[in-house]
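Just so you know, all these numbers are worked out from the coordinates, no wet-lab data involved. Since this is a predicted model, take the numbers as computed values, not measurements. Don't worry about glycine lacking a Cβ; one is built from the backbone with ideal geometry, like all the others, and counts go over all protein chains shown.
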């Protein structure tokens, strides 16, 4: 991909930038029940900043490559947020996951009970980020040790994204994640990808 970016023409750059701007404008034009004004402003700002930076500086330096990555990442987050917002407008994903065993393998912490995912679902819906590099990152969907089967249904690379759900009494991101697929599927993993609970 880096080779393709470095050899892109000015027309290619303008087409990418135009696509980002059009997509964010379409997001802003959606009815209020599908997105919040603050989300629209935040995603537009991030995507437009990246796109304008590429247009004005061109491609070829590490800095401008990073801006292309930021534009693509912004578009992915807009789509994830849209899926959560659409679910909220129709059939909100399960907020409470009962009978959960949260296991932090690094610290040996084990918690049992009901997990309230509302703060994390609200954060994703509003476009917020948990202060950790993996929040919103692509979930690789690797198979568990001793298995050839991926943890979730097999899809193309980049299909799933993961978001941190904070765990009480643990430092850092902890073992819990909400994983969202491009088709709108949502899962909760309480034990660092060992098990997954569908949220719909």
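The table below lists the values:
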item: Relative contact order for the range 96-198, counting Cα pairs under 8 Å that sit 6 or more residues apart, in percent; result: 23
item: Estimated inter-spin distance, residue 137 and residue 182, nm [label 7 Å along Cα→Cβ]; result: 2.0
item: Computed over the range 96-198, the ratio Rg/Rh where both radii use C-alpha atoms and Rh is Kirkwood; result: 0.94
item: Burial ordering of 14, 73, fewest other beta-carbon atoms within 10 Å first; result: 14, 73
item: 17 Å cut-off, amide nitrogen to a point 7 angstrom out along residue 149 Cα→Cβ, residues in the range 98-142; result: 141-142
item: Ranked list, fewest to most other Cβ atoms within 10 Å of each Cβ, for 116, 191, 148; result: 148, 116, 191
item: Order of 81, 169, 197 - criterion: other Cβ atoms within 10 Å of each residue's Cβ, fewest first; result: 169, 197, 81
